[in-house]
Amino acid sequence: MKKLTLTMMNPDPLIQFSRWFDEAKQCEHISNPDAMCLSTISPEGLPEGRIVLLKDVNADGFAFFTNTDSPKGLSLRHTPLAALTFYWQWLERQVRIQGSVVSISDSDADRYFSSRHRNSQIGAWSSLQSAVMDTEDELSVRFQHFKEKYRENQVPRPPYWSGYRVVPDKIEFWQGQDFRLHDRFMYSRNSENGWKIERLYP
C-alpha cells in the first residue's frame, strides 16, 4: 500500500471520505461498502453497536434511517451522540467518525421511504423492532396484515420510521501498512468551523 502523506489528504474530510467511499464502491470484493457500525450510548449508560447502512453523505454529515422506537432510536433520543466505523478490508482502510446526531426532516424521510421497495415499506409497518415475538409466525402474520391493508394504496411512512444524520466533530482515516506502521490522520473541527488535520501514531 502506498504510504500516505499529509499533502495527499483533502483539507475537507467529507471530500476525502467521498473519495475513499467511491473507491470502496468500485472494489468488486466489497459487497456492502455502505455498511457501518453505529455506536450509541444506552439510557443506562452502556455502549451499543450494530451495523446499519449509510444512505447519504454530504457537507452536513452522514445519514441513515431506522425505526425511531428501536433501541438505537431510544438511545439517540436520550443521548444524541454517536460514532460510525467503516472498515473496507480489501482496501486496508478504516474510517471512524464521532459527532452529534440530528433528526432528518419529515420531507427527507418521506422522500427516502417512498423510494424503498414496496415490501420493505410494508416491512417497516410489520416489525416491532427488537420487541419479543410471542410466536414463530407473528412477523409473517403482521406482514400479511399490512400487505392486505395497503393493497390498493400507497404505503405511508410509519410515524416511528425516520432518519438521523451524524454531524461529525472528528473523522479519522486509517490505512494499513506493512509491519503495523499504519497511516492515521485525524480531522478535528476548530473554532472557525474549519478542520485541523494531525498525523497520529499507529
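Classify segment 71-127 as rounded, prolate or oblate from the Cα gyration tensor: take a ≥ b ≥ c as the square roots of its eigenvalues, call it rounded if a/c is under 1.5, otherwise prolate when a/b beats b/c and oblate if not. Judged from the Cα gyration tensor, segment 71-127 comes out oblate (a/c at least 1.5, b/c at or above a/b). Kindly express, to the nearest 10 degrees and within the range 0 to 90, the angle between helix 106-115's C-alpha long axis and the longest C-alpha principal axis of the chain. Helix 106-115 sits at roughly 80 degrees to that axis. Put in order of Cβ neighbour count within 10 Å, fewest first, the listed residues L46, L54, L76 become L46, L54, L76. Checking every one of the GluC sites (Glu not before Pro) in segment 1-69 against DSSP loop status and a limit of 16 other Cβ atoms within 10 Å picks out E28, E44. Since only I197, P156, W174 are under comparison, the one whose Cα sits farthest along the positive direction of the charge dipole of segment 141-202, derived from C-beta charges on Lys, Arg, Asp and Glu, is P156.
Each of L139, L84 was scored by other Cβ atoms within 10 Å of its Cβ. Arranged with the fewest first, they read L139, L84.
The charge dipole of the chain, taken about its Cα centre with unit charges on the Cβ of Lys, Arg, Asp and Glu (plus for the first two, minus for the last two), comes to roughly 340 debye.
How high is the relative contact order of segment 42-152? Use alpha-carbon pairs under 8 Å, at least six apart in sequence, and give a whole percent.
Values: 81 pairs, mean separation 19.5, N = 111.
Averaging sequence separation for qualifying contacts and normalising by length gives 18 percent for segment 42-152.
Residue exposure proxy: Y150, Y164, Y201, ordered by other Cβ atoms within 10 angstrom of their Cβ from fewest to most, comes out as Y201, Y150, Y164.
Listed highest first by mean packing, meaning other Cβ atoms within 10 Å per residue, what order do 117-125, 59-67 come in?
On the way: 117-125: 15.7, 59-67: 18.2.
Descending mean neighbour count gives 59-67, 117-125.
For the chain, the longest principal axis of the C-alpha atoms and the axis of helix 138-149 are separated by about 70°. Under 10 Å, Cα contacts only: if you run a Gaussian network model on the chain, which one of E148, E136, E92 comes out with the highest mean-square fluctuation? Most flexible of the set in this elastic network: E136.
Roughly speaking, what is the stretch gain from F179 to L81, that is 0.36 nm per residue apart minus the C-alpha to C-alpha distance, in nm to one decimal? Each step should come with its number before you reach the end.
Details: separation 98, 0.36 × 98 = 35.28 nm, distance 3.45 nm.
Gain in length upon complete extension: 31.8 nm.
Only the coordinates and a few stated rules stand behind these numbers; no lab work does. In this text, all values refer to a predicted model and were calculated from it rather than measured experimentally. Note that each Cβ is placed from the backbone with ideal geometry, even for glycine, and that neighbours are counted across all protein chains shown.
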